[in-house]
1. Let me have the relative contact order for region 160-327, percent, based on Cα pairs under 8 Å that are six or more residues apart.
2. So if I take the alpha carbon set of region 239-328, get Rg, then get Rh from the Kirkwood formula, what is the Rg over Rh ratio?
3. Please list the equivalent ellipsoid semi-axes of region 207-286, computed as the square roots of five times the alpha-carbon gyration tensor eigenvalues, in descending order and whole angstrom.
4. Mind ranking 62-69, 118-125 by how tightly packed they are, going by the mean number of other C-beta atoms within 10 angstrom, highest first?
5. What is the Rg over Rh value, at two decimals, for the chain, using alpha-carbon atoms and the Kirkwood definition of Rh?
6. Highest mean first, what order results for 277-288, 238-249 on Cβ atoms within 10 Å?
7. Where the Cα atoms of region 136-225 are projected onto their three principal axes, how long is each span, largest first, in whole Å?
8. Quote the relative contact order of region 3-156 in percent (integer), defining contacts as alpha-carbon pairs under 8 Å separated by 6+ residues.
């Protein structure tokens, strides 16, 4: 199937959910599938029942048997939705890592909205996710009959969606700047047998150590994204650390030095985007306008993604008019 960006996948997911169609979200590890489901659930004010199906046995879905009045009945499992009024997402994550028996039990729920005597309330929507052929080990084939019970969406990472998420999540500006500078490292599987490699998820972890002491930072980052990417990131951090003071740039936007190195330009643009406020936005734009247009656009867009109120300023309105050829 044709792959779509993770942002587009979220939009498709919403449409399927609105029509009460079970949907299966496919994609490589670490691209944000689970986060996307959680974000859609939050948008719909829905409870999210996150079930890592690979950790379950069939009895975990059906419940344990007991004897009542000489008959065997099945106790309702604790994972079963309890609120029959509030919107609820039943999320079968790691579906293709589950055993065939567990997949079969889950598919009974998908097809019939029930398993045994337990019936899903009408307020429940069903979502599944898996890695499929993008993962090299540990996955199970899903049956044609099972596949036919879902709408399928193949997602892939994209820089714009990740930068939008990173800006609103308060990710360290060094990480945002580096990935913007080296977008091919947003998600890159190693050709070797390395256990660590860059993914959108692992970059979020790298951000936790961006300010770690220089004596240990590279080793910490290597453990998250592998040696090659970590070496590049370390070099970029040193460029970032040698930038002019961001506060000094904001205080004197026309007199502060403008770096010529592309990496330094990405770095200072990301740093200023994080610093932007209603009070200093004009000075930041004044400085960004001294850079090539792509950096001006990058900095203003990132600043406004982080703080949407900036788009309501006269400063932004004038900038948007001046750059309507690239912002419309």
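Read the figures in this text as sums done on the coordinates, not as results from a lab. Everything numeric here is computed off the predicted structure, so don't read it as measured data. Neighbour counts are summed over all protein chains in view; Cβ atoms, including those assigned to glycine, are modelled from backbone coordinates with ideal geometry.
1. This gives 23 percent for region 160-327.
2. That ratio equals 0.93.
3. The answer is 28, 13, 10 Å, longest axis first.
4. Averaged packing, sorted descending, gives the order 118-125, 62-69.
5. Taking Rg over the Kirkwood Rh, I get 1.07.
6. Sorting 277-288, 238-249 by mean packing, highest first, produces 277-288, 238-249.
7. 54, 31, 19
8. Relative contact order, region 3-156: 39 percent.
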